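What follows is a single structure, written as structure tokens, with notes after it.
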Amino acid sequence: MAFRYSFSLVKRFFNNLYLLTFLNGFLLSSLLYFSMEATYEGELFAVIKKSIDKKTDFNDTQDSLVIKVMESCNNLLRNRASIFNEISDFTDVKVNYLHPASIDLMTARGACGSYSLILARVLQNFKFPVRIAQMKANGVFGAHNIIETKIQRGWVVLDPTFNLYFTRPDKTLANFNDVKNNWAFYRKQLPAGYDSSYKYTDVRYTNWGKIPILLPSIKKFLDIAIGKKRADTVCMRVFFLRMYDIYFYFTLFLFIPVFLITLKKVIKLKIFPRADVPFTGGNIIKYIKQRFENTSLKTTVNT
């Protein structure tokens, strides 16, 4: 009964031209807003990249470049985090619902999550593949977020919150398994005050149980399509680093059918108001042809 009533309301809504016109305007204005915000956010991160480019030279390796990127992001966020982490009474729609990267960039309110997101976004601007890893501590995943980025030699691990990277005995950057399998060696590289529970015992790249049914189904599909080993390293979070782009394309996905329904409604009401003249492609062509012929005839008579 409730479903039938809901379906009836939706049907009445889409039969009301005034409501459809309002919905078109709302979706169109949303598209413009998301497009402007995405452009603005993109320019912010482009400026950050340019500032880091000025600190690099031809002697930089991929290791040293990645380190410079992390150091710049840490310097950028550290002072802001000390201010905004003490403020929890934000009521802004952007902060509480849209969650764009620009908010993390401006406030670092997400702690390790903000540091990781910003570093991941900037590394992407340098064309480095990235994945955000949720560290396991005290038997619980998600205790701390770190970054893994892929350089020519393979994946390396970074902790942007503490501006921390690990170096192997050969002075190259270490990956997560290096640190995990030789913790006694790498723990000596930890900065003062580093949380002793972050022992690099394990990480996960996606919480596949966060959205029941949907995410487990996606994981099972990936296990079959690309193999469980690769599927376990898929990081869903990196697909949401550009939230305004996602909002834009989702809104566009809604706008196109709504616009077409509205256009059909307008044509039917204004051009084919009679029930005995059906709304078909052939009739539209006939109508356009007739209007063109009438216009040509008027022009000839006036001449």
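The values are calculated or read from the model by the stated rules, or taken from the named source; none is laboratory data. Model, not experiment: these values are computed from the prediction. Quick reminder, even Gly has a Cβ in these numbers, built from the backbone with ideal geometry, and neighbours come from all protein chains shown.
For (1) within 29 Å of Ile83 (Cβ to Cβ); (2) buried (at least 21 other Cβ atoms within 10 Å of the Cβ), each residue gets a yes or a no:
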site: Leu117; (1), (2): yes, yes
site: Phe126; (1), (2): yes, no
site: Val130; (1), (2): yes, yes
site: Ala137; (1), (2): yes, no
site: Leu173; (1), (2): no, yes
site: Asp178; (1), (2): no, no
site: Ala184; (1), (2): no, no
site: Asp202; (1), (2): no, no
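Taking (1) in contact with a Lys or Arg (Cβ under 9 Å, 6 or more places away or on another chain); (2) modelled with pLDDT of 90 or more; (3) closer than 23 Å to Val47 by Cβ in turn, Ile118 satisfies each apart from (1).
Here is a yes/no grid of residues against (1) closer than 26 Å to Ser64 by Cα; (2) under 23 Å from the mean Cα position of the chain (by Cα); (3) modelled with pLDDT under 95:
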residue: Phe176; (1), (2), (3): yes, no, no
residue: Asn182; (1), (2), (3): yes, no, no
residue: Lys219; (1), (2), (3): no, yes, no
residue: Gly227; (1), (2), (3): no, no, no
residue: Phe248; (1), (2), (3): no, yes, no
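Contact annotation: residue pairs with Cβ atoms under 6 Å, 6 or more positions apart or on different chains, pairing a residue in segment 95-110 that is not assigned by TED's automatic domain parsing to the domain that holds Thr39 with a partner that is part of a helix (DSSP H, G or I) and among the hydroxyl-bearing types (Ser, Thr, Tyr), are Pro100/Tyr244; Asp104/Ser114; Ala108/Ser114.
Taking His144 as the residue in question, decide whether it is over 27 Å from Ser196 (Cα atoms) and touching a residue at least 24 places away in the same chain (Cβ under 8 Å). Answer is no for this residue.
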